[in-house]
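Below you'll find the structure, written out as structure tokens, and then a few comments.
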Amino acid sequence: MLGTTPISPLRLLPLGLLLAALVAVPAAAQDQTPTGEVTGAKMLSHPSWFKESFLDLPEDVGEAAESGKHVILVMEMNGCPYCYKLIQENFATSPYRDFVQEHFDVITLNTKGDREVAVTEEMSMSEKELAELYQVRFTPTVVFLDSSNRPVARVSGYRNRDDFKVVLDYVQERAYLQQTLNDYAAAKRPSEVYSFREHPQIQTIEDLASVADRPLALLFEDDACVACDALHDGHLADPEIREILKGLTLVRLDTRSETPIIDPMGNATTPKALAESLGIQYTPSIVLFDRGREIARIESMLYRYHFGGVLEYVAGRHYERYPDSPFDYIDVKTAELTAAGKDVSIADE
């Protein structure tokens, strides 16, 4: 009835039961394990000179082409610490920031977003559907479009400034008309900046197809790798990561080596040819195989929690339960840890 005051269910209880209920509430609360927190997510902000797009890619590409520019699509996700790092270091505060503004129009898209994007004059879809079209598996994913609205290069995940500048130069010079990004990068990257490091778990195996007792982790490095020392000093020296690696056979391959090997599928090849066939564009990269097929890969900088999670995904064969993405497994792991009252940091900074 209008105007009456709702009666609390507790007021309907007999006095003895009411007192018991009131006493039981704090006791039950004390028995509950506090939920852990996930930290390390970053709020995204973009430089003011990023393009305010109406999400009509043919129109954006046409406007860029009139100015002799390419379009960069930054596919990102809310809270993504790698997206934050890429935007801040490679765009907002980059020493080549003016170069980017002169030669590129930068547009950001949310891989989970519902905004409508005109992909061609005949086809539109949501941001998340576009992410599926471009097969985005990691954020950020950076896609470069030419004047025909055609992807000519892409970067999956965060890249350091030096390696990212190589991709920018490749697109700005329109080198994609003559050669692959791999060939261009190999010619541009300085050699002998890195000497191969020792690691107690790295094995030398020529017949990779013979590894059958456990999953295989192929670590691709070369003497031009500017991030390899950081990998060895950081993740590969971490006791928790080394414990996970016990479930994998770790083999290092030099992307410039012509030494004969047998690849995980049983084919005669070389480390250089295998790296090319796998599309390795960045070192260090780790490609994870099991039973003769690729399961997952790490081809950009990852913080320790995600780095270890991807390794666990294959080492523990969790991919059998979560076949679509290692991050499906990592999300479940995170939920279990926080439910048990443990905090999870997804970033190391």
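For Ile280, the solvent-accessible surface computed with a 1.4 Å probe is close to 20 Å², ligands and nucleic acids excluded. The residues of the range 123-163 have, on average, 43 Å² of accessible surface per residue, using a 1.4 Å probe with all protein chains present.
Report the far tail of the P(r) of the range 247-349, meaning the percent of Cα-Cα pairs longer than 24 Å. It would help to have the intermediate numbers written out before the result.
Details: 1665 of 5253 pairs.
The share of Cα pairs beyond 24 Å in the range 247-349 comes to 32 percent.
With Cα atoms defining each centre, the range 148-177 and the range 37-62 are spaced 18 Å apart in the structure. The alpha-carbon of Lys246 sits under 20 angstrom from the alpha-carbons of these lysines, leaving out residues fewer than 8 places away in its chain: Lys333. Placing +1 on the Cβ of every Lys and Arg and -1 on the Cβ of every Asp and Glu, with no other charges, gives the chain a dipole of roughly 860 debye about its Cα centre.
A 1.4 Å probe run over the range 217-349, with the rest of the protein chains in place, finds 42 Å² accessible per residue. At q = 0.08, 0.13 Å⁻¹ the log10 of I(q)/I(0) for the chain amounts to -0.49, -1.08, computed by Debye summation with a single uniform scatterer per C-alpha, solvent ignored. The string of couplings for the range 301-318 from the Karplus curve (6.51, -1.76, 1.60, θ = phi - 60°) is 5, 10, 6, 4, 4, 6, 4, x, x, 5, 4, 4, 3, 8, 4, x, 6, 5 Hz, one whole number per residue in order, with x for Gly and Pro. Only aspartates and glutamates eight or more places from Lys128 in sequence, or on another chain, were considered; those with a Cα closer than 15 Å are Glu76, Asp114, Glu116. Put simply, the amide H of Met301, placed in the peptide plane, has neighbours under 5 Å in Tyr158, leaving out anything fewer than 5 places away on its chain. Straight-line reach from Lys165: taking Cα to Cα under 26 Å and skipping same-chain neighbours fewer than 8 places apart, the lysines in range are Lys42, Lys51, Lys69, Lys85, Lys188, Lys272. Here the Karplus relation 6.51 cos²θ - 1.76 cosθ + 1.60, evaluated at θ = phi - 60°, turns the backbone of the range 172-186 into coupling constants of 4, 7, 6, 5, 4, 6, 10, 8, 6, 4, 4, 5, 4, 5, 4 Hz, with x for every Gly and Pro. Put a plus charge on the Cβ of each Lys and Arg, a minus charge on the Cβ of each Asp and Glu, and nothing anywhere else: the dipole of the range 239-349 about its Cα centre is then about 320 debye.
Take the solvent-accessible surface of the protein heavy atoms, probe 1.4 Å, and return the percent of it on the chain that carbon and sulfur atoms account for. Mind dumping the intermediate values first?
On the way: 9020 of 18040 Å².
Carbon and sulfur together cover 50 percent of it.
Entry note, the chain: relative contact order of 18 percent, from Cα contacts under 8 Å with a spacing of 6+ residues.
The values are calculated or read from the model by the stated rules, or taken from the named source; none is laboratory data. Here the structure is a predicted model, which is why all the values come from computation and not from measurement. Counting neighbours? That spans all protein chains shown, and the Cβs are built from the backbone with ideal geometry, glycine included. Quick note on the areas: whole protein, heavy atoms, side chains included, nothing else; ligands and nucleic acids left out. Shrake-Rupley method; radii C 1.70, N 1.55, O 1.52, S 1.80 Å.
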